[in-house]
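**Student:** Handing you a structure now.
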Amino acid sequence: MRSNLRCAAFILLLAPASAGAQDGGVPDWVERDPFTSAEDDPLGIDRADRLERVQPTRPDEEVRRPIPVVRGDVLSAIAGVRESHHEVEVELGHGLAIVRHRMRFASRARHAAEVRYRLAVPEGASLAALEVCDPDGCRQGAVDASADLGPYDDAIRARGAGQRPIAHAAPIEDDRGHALWIRAAPVRPQPPAVRGGRELWLDVSVTWVVAAPVRGARVRVNVPARGHDHRAAPTRIQVRSETLSGATANGADAVERAVERAPWEDVEVAARLPRTGPALRSEAWTVPCGAGRCARLRVVARPAPPRARDVIVLLDASPSTASSARGRIGPAVAALLSALPSRSRLRVAAFAARAEAVVAEPSSPTAISLVQVSRALERPLGSATRFEVAWDVIEPWVADMDDPLVLLVGDGGLTATDGSSAAFEAARAAGAEVAVLNVANRPTTASMREALGAIGERWIDAGPEAERAAAGHGMEPLAERIAPLLAPVVERQLRAQAGRRRVDLGSLRAGEERVWEGVVDRGAVRIGRARSGAPPDALALAMQDRLERRTERRDRPTRLAALAEASLAAGAAACGGARPPRSASAVVPAGARLIPADTRRCGASPFPTLSEAAADAEPEGTPNLRPHTGRTSLPERALLRMLRERIVPPARGCFREDRRGRAAYQRRAVFAFRLADREVVEARVEGSISDSLRQCLSQTMDGLDIPPFDGVVNVRYPIYVAPRLPPPVLSLDPAVADAVDSVTE
């Protein structure tokens, strides 16, 4: 009975709860899911982001977001732009190389873009032409005389209905060397889903010109590597010429078909001068040059076989050759021996501060041992490069020769002394032809050029060719540089008429050329049978740029802009305005967007330049030891100790010999010399002394053992010899004398 009552009460308690649930709703704790809390909601039931209501962004909203530019070694543009073709055509003629690049750009991006391209060129290259094309048409480049932000930049920023592309090209020099900075727009996108539609592309053609002289009946021009850039296309290069034959690119025939190379590879273009045709070819060009006119005169001689002659090879064994030239002297001598005819006769000597014969008897080229030559370079011959000591050894050889050639093979350095100048004059008087083959990295020094120029001879800087031969990459370029020394003379004294003055071009040998460029006044311009005329149209702009810069009529190279004529005539708009500038060459329609390749800033040049480095000026003269801290790594104390130990003892011997028992002898001399490259490059002895004493003191500087150091040190070191007077004699009067005699007795 009790259990039934309890069940009825329980049922009565449940009844009100059900009614309350129906009236007030289910309590929170009943429908709460322990697996869907706000802190841990793996099912996402309680999320508040409302993703189901989110809509995709519109295209115009995405365009407003900044799009990064990918900057490479060669190409700078947004990620979807790349170079699809790069074709190079090299034309050799007139002693010049006319190089045309045609670059095609394509895009898979969603927006039109500007492209910036760095095209490496050799030093001295001049712009000749610029053209930009797309499916809508082409524009030709014209001279852009504006500075900094010019009409091209206005066209990039302006809005309009331009139908043809634009481009700009400017020569620059940055940390990587010389190059052309090319900008072009627009590279319009080509959607990958579009099939059967018109292909969109942008072509940029640029032409530059550089000197390509004839040396040893060969022409060699280097087309520099563009750089490591995965968006740059491989180079397809082809060569043509109307006056040269056998054109190659890196040794492969480039006439019949194009040669393909990677963008990070240099391409060497070579061709040879044929042995047929006229003996002399000459041409004379005149172009406007500032307010006047400039001329370029050129004559080239047909090649001929080398002639047998007597040769004296002087090997520079001075310490300065140890840095770069010593390992190249052997290949240079080998190239000379291979180029000489078998009937030639050679003698060899090594010199520095002293000279020694290596091969004293006349020998054929095949009898000269290169091992003997290498050993001669290691002889300890002092710390100077004195031609006068070499002349003392070879003077009897020259007297026994017919039309001798004295060839100095070394680093092109010379210890400038009065004796060296006299030795060169003596060589000229003896009928010897003196030439220098410089195989070092540096050019021939001014002292050597001055000494050779005084006797009208020549010097050849063949450092790159000698390095190439020493590295085992071919002897042919080095042999071509040496060939003019052995070629027969075609014209002993070549002269040209440049206005009202006559130009002396020296002698002309077979297989080489002579070129003169300069300013001319009124009057005729001619050389040989050629009279003045205008250069070909393809070279007119480049020749004007080249000659104006060489004659200092212009301080910056020519820039070209492919724009509408109205844009170039209007010039550049004011920078920093509130509204975009107006331009007849605008390539961005209203409401569209063009992604530039770089940022334009008012007041800053958009062209990269070479970073300026502080260069220490070379000291002119010094009292005693001029402070050289920061200019050289040679310590002052070490230099002073070297002077006291190496110069003072032999100098005392010179003064002792010059005194010859004279007690009242008194002399003062000053050693003035310059140290560089581990040797004495300039030396003189100042003071009122005899010639024999001066010569003896000059030779004391040759014994300096100079350690390697950087920079240049100018030294003025005085030395003085005091007289040795006899002891004083006292005269005694008779009274004092008698007193002394009495004491001594």
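Read the figures in this text as sums done on the coordinates, not as results from a lab. Because the structure is predicted, anything quoted here is derived from the model rather than measured. For neighbour counting, all protein chains shown are included, and Cβ atoms are generated from backbone atoms with ideal geometry for every residue, glycine included.
**Student:** Taking square-rooted eigenvalues a ≥ b ≥ c of the alpha carbon gyration tensor, is the range 276-367 rounded, prolate or oblate, where a/c under 1.5 means rounded and, failing that, a/b exceeding b/c means prolate?
**Tutor:** Details: a/c = 3.60, a/b = 1.72, b/c = 2.10.
Oblate, because a/c is 1.5 or more while a/b does not exceed b/c.
**Student:** Okay, next question. Compute the separation of the alpha-carbon centres of the range 119-183 and the range 521-557 and state it in Å as a whole number.
**Tutor:** 24
**Student:** Ok, one more. Mind listing the long-range amide H neighbours of residue 665? Cut-off is under 5 Å, sequence gap 5 or more, other chains count too, H placed in the peptide plane at 1.01 Å from N.
**Tutor:** Answer set, sorted by chain and number: 724.
**Student:** Right, another one. Among 646-655, 164-173, what's the highest-first ranking by average C-beta atoms within 10 angstrom per residue? Could the numbers behind the result be given before it?
**Tutor:** Working: 646-655: 16.6, 164-173: 21.9.
By packing density, highest mean first, the sequence is 164-173, 646-655.
**Student:** Can you pull out the trypsin sites (Lys or Arg not before Pro) in the range 458-524 whose DSSP state is coil and whose Cβ has at most 14 other Cβ atoms within 10 Å? Don't skip to the end; give the middle numbers.
**Tutor:** On the way: sites: 458, 468, 481, 492, 495, 500, 501, 502, 509, 514, 522; in loops: 500, 522.
In loop regions of the range 458-524 (DSSP not H, G, I, E or B), the sparsely surrounded trypsin sites (Lys or Arg not before Pro) are 500, 522.
**Student:** Return a whole-number percent for the relative contact order of the range 379-454, with Cα pairs under 8 Å and 6 or more residues apart as the contact set. Please list the in-between numbers first.
**Tutor:** On the way: 89 pairs, mean separation 28.6, N = 76.
Relative contact order here is 38 percent.
**Student:** Right, another one. If you take the square roots of the eigenvalues of the alpha-carbon gyration tensor of the range 663-706 and sort them as a ≥ b ≥ c, do you get rounded (a/c under 1.5), prolate (a/b over b/c) or oblate?
**Tutor:** Numbers: a/c = 2.80, a/b = 2.40, b/c = 1.17.
Prolate shape, in that a/c is at least 1.5 and a/b is the bigger ratio.
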